[in-house]
Amino acid sequence: MGNPFRLGVLGSGKGSNLAALADACASGRVPAQVALVLSDVEGAGILDRARERNLAGRFIPPGKFRTKLDEEAEKNFVAALWAERVDLVALAGFMRVLKGDFLRAFEGRIVNVHPSLLPSFPGLEAWKQALDHGVKVTGCTVHFVDAGVDAGPIIGQRAVPVRDEDTPETLHQRIQEAEHELYPQCVAAIARGEISVAGRRVVWRKSRSADFADPRR
Ligand code: GAR
């Protein structure tokens, strides 16, 4: 066995995706460990989810901007992740766009989960965008992060039907249930070295563990 694959998880919210990832690591479904949890929001639920699981978690002040990290904050985030020798950065509800220096520091090693079937509905409150648009199917996407907003190569997607009686809350809840299955599955494949990227196309090279359903169905 080599060294364990080390995850750094960044989030701004309640942390249900961190919980799903950490629990999948703890149960062995994902061959990795959560080495560090970072938040740009003091007192965010994601830091509580980390503490409950005895995972290292820290708030790092994001600086003066609202939608991105300032230069000093970016340096602090990168330094913290490097100090923990993180192999993969997993964004889990991190509500700031990552810029050049951060992207270069972890090139090809940052993933994100987004609550829609990209490229539909990038940006904020994607479940609400889907409801307002009237689509009958939405879902969630795990993708590599590049300089665009919710734009990098797609690793996996899971469809979620929209019901007539859905409210933003009920739809987001069902999308999150799909995220909690899809995200660990995609991270497991990356940790096992089963994923390769050719341009925009992500190829799953080996048959996947029977623990998980096929994310492309
Ligand atoms: C998730 O639904 C995630 O897809 C979304 O934030 C939520 C975080 O929930 N991310 C985005 O909208 C990013 N564009 P969590 O804190 O419970 O994991």
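Observations, loosely collected:
- Dipole of the chain computed with +1 at Lys/Arg Cβ and -1 at Asp/Glu Cβ about the Cα centre; of Gly8, Leu47, Gly63, farthest Cα towards the positive end is Gly8.
- Surface analysis of the chain yields an accessible area of 50 Å² per residue, using protein heavy atoms and a 1.4 Å probe.
- Each part reduced to its alpha carbon centroid, the range 18-44 and the range 67-127 end up 15 Å apart.
- Exposure of Phe77 as accessible area (Å², to 10), given a probe of 1.4 Å and all protein chains: 0
- Cut-off 12 Å, label 7 Å out along Cα→Cβ of Val137, residues of the range 94-121 by amide N: 117
- Amide H to amide H distances under 5 Å link Gly152 with Asp146, where only residues 5 or more positions off or on other chains count and H is placed in the peptide plane.
- Taking 7 Å steps out from each Cα toward its Cβ at Lys206 and Met95 produces label points 3.9 nm apart.
- Cα-centre dipole for the chain with unit charges at Cβ (Lys and Arg positive, Asp and Glu negative), debye to 20: 620
- Area of Asp164 that stays accessible when all protein chains are in place (1.4 Å probe, Å², to 10): 150
- The lysine pair count for the chain, using Cα distances under 15 Å and pairs eight or more places apart or on different chains, is 5.
- Measuring nothing but how far apart in sequence close Cα pairs (under 8 Å, 6+ apart) lie, relative to its length, the chain scores a relative contact order of 18 percent.
- Intensity falloff of the chain expressed as log10 I(q)/I(0), Debye formula with alpha-carbon point scatterers, at q = 0.09, 0.16, 0.19 Å⁻¹: -0.33, -1.10, -1.55
- In the range 10-70, inverting the average of 1/r over every pair of distinct C-alpha atoms gives 12.0 Å as the Kirkwood radius.
- Nearest-10 value in Å² for the accessible area of Asp101, using the 1.4 Å probe: 90
- The trypsin sites (Lys or Arg not before Pro) found in the range 53-85 that occupy coil by DSSP, while having at most 15 further C-beta atoms within 10 Å, are Lys64, Arg66, Arg85.
- Alpha carbon Rg of the range 1-121, scaled by the compact-globule rule 2.2 N^0.38 Å: 1.01
The values are calculated or read from the model by the stated rules, or taken from the named source; none is laboratory data. The model shown is predicted, which means the values in this text are computed figures rather than measured ones. When we count neighbours, we look across all protein chains shown, and the Cβ atoms used for this are built from the backbone with ideal geometry, even at glycine. Surface accessibility is based on the protein's heavy atoms, side chains included, excluding ligands, DNA and RNA. Shrake-Rupley method; radii C 1.70, N 1.55, O 1.52, S 1.80 Å.
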